[in-house]
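Asks: Structure incoming, see below.
Where a number appears in this text, it was derived from the coordinates with a stated rule and is not lab data. Keep in mind that this is a model prediction, so the values were computed, not measured. Reconstructed Cβ throughout: ideal geometry from the backbone, glycine too, with neighbour counts over all protein chains shown.
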Amino acid sequence: MFDSKILRTHALVGSLLAASCLGCANMNGTQKGAALGAAGGAGLGAIIGHQFGSTGAGAAIGALAGTATGALAGNMKDEADEKEAYAQQAAYERTQRRRDARAVTNRDVADMVANGVPDRVVVSTIQDRGGAFDMSPQAVIALHNSGVSDAVIQSMQHYNSRQ
């Protein structure tokens with residue numbers, strides 16, 4: 001015959017293992033660590049407790065210890081992931097600020113043209129440094145009235161459309 005105590009213990013351990021696997025995709029590291037720690041701790045506690053004649057108590061103690069340990073480990077992983085995401089965002093923003101500071105503006109293009117810089121050099125400068133252009137109809141009219149060629153204006157429009 002089956003020992004009902006052993007059967008309940010196995011059911012408890014199985015339930016904990018199944019519960020730890022459900023919903024893991026929506027859990028953060030702390031929650032996953034706690035769930036996996038509880039399942040692993042319960043299993044290990046049940047095995048150890050069985051050796052001392054108290055499988056259920058061993059499973060319960062193991063589950064509590066595993067939950068705490070798993071939650072701490074998961075929380076450490078969450079914090080490391082958060083720091084990494086913050087560092088990546090900060091690096092992205094620094095790069096963006098550098099790019100924006102180097103970007104050629106409508107005024108820069110008009111100044112280059114007014115000073116006789118050839119169209120191919122103006123276009124090359126846009127390609128090299130990037131651009132932050134106002135390409136509204138009024139801005140295009142102002143560029144045209146400043147002597148900026150159609151080829152340069154089209155290059156500016158093309159650069160803006162890629163961004």
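Asks: Would you please classify the overall shape of segment 116-163 from the alpha carbon gyration tensor, given that a ≥ b ≥ c denote the square roots of the eigenvalues, rounded means a/c under 1.5, and beyond that prolate means a/b larger than b/c while oblate covers the rest? It would help to have the intermediate numbers written out before the result.
Replies: Details: a/c = 2.09, a/b = 1.08, b/c = 1.94.
Judged from the Cα gyration tensor, segment 116-163 comes out oblate (a/c at least 1.5, b/c at or above a/b).
Asks: While we're on this one: Is the C-alpha gyration tensor of segment 27-146 telling us rounded, prolate or oblate? Criteria: a/c under 1.5 is rounded; beyond that, a/b larger than b/c is prolate, otherwise oblate.
Replies: Values: a/c = 8.08, a/b = 6.00, b/c = 1.35.
Prolate, since a/c reaches 1.5 and a/b exceeds b/c.
Asks: VAL104's amide H: which non-local residues (gap 5+, or another chain) put their own amide H closer than 5 Å, with H modeled 1.01 Å from N in plane and none for Pro or chain starts?
Replies: Placed amide hydrogens put GLY130, GLY131, ALA132 under 5 Å from VAL104.
Asks: Let's test the formula: R0 of 45 Å, r as the Cβ-Cβ distance of LYS83 and THR125. What FRET efficiency results, to the nearest 0.05?
Replies: Working: r = 39 Å, r/R0 = 0.86.
That pair, LYS83 with THR125, gives E of 0.70.
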